[in-house]
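K.L.:
One structure coming up, written as structure tokens, with questions to follow.
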Amino acid sequence: MPSAYPPPDWVLARRREVGELIRAARLSVRMTQEALALEAGIDRPSVVRIEAGQQSPTLDTLIRIADALDVPLRDLV
């Protein structure tokens, strides 16, 4: 079954929740978006879009972010 584009509202809401969890984890370790981007090997605009729920990160990117923040992956999803 092909995926619908754009994603349904409930998917967008969950994406925003993931972004909020990433932002909260980043702030709890007092890390800037720039520092997270450097540690995770991604660009800062991607961090901004992921935290805002505007971009859907790949599993690999989520793993890199979790590692950079030193938190379990499950804490971000």
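FYI, it's all coordinate maths here, none of it is from the lab. Quantities reported herein were computed from a predicted structural model and do not represent experimental measurements. Please note: Cβ atoms are built from the backbone with ideal geometry, for glycine as well, and neighbour counts cover all protein chains shown.
K.L.:
So what are the ³J(HN,Hα) numbers for region 38-49, from phi and the Karplus equation (6.51, -1.76, 1.60; θ = phi - 60°), rounded to whole Hz, Gly and Pro as x?
P.N.:
Working through the residues one at a time gives 5, 5, 8, x, 10, 8, 4, x, 5, 4, 4, 5 Hz.
K.L.:
Hey, another quick one. What angle do you read, to the nearest 10 degrees and between 0 and 90, between the alpha-carbon axis of helix 9-28 and the longest principal axis of the chain?
P.N.:
Taking the Cα atoms of the chain, the angle to 9-28 is about 0 degrees.
K.L.:
Could you state the angle between the C-alpha long axis of helix 59-69 and the longest principal axis of the C-alpha atoms of the chain, as a value from 0 to 90 degrees rounded to the nearest 10?
P.N.:
30
K.L.:
Right, something else. Using a simple spin-label model with points 7 Å from Cα along the Cα→Cβ vector, what separation in nm is obtained for residue 67 and residue 34?
P.N.:
2.4
K.L.:
Continuing with the same structure: In nanometres, what is the gap between the two model label sites at residue 12 and residue 59, each 7 Å from Cα along Cα-to-Cβ?
P.N.:
The two pseudo-label positions are separated by 2.7 nm.
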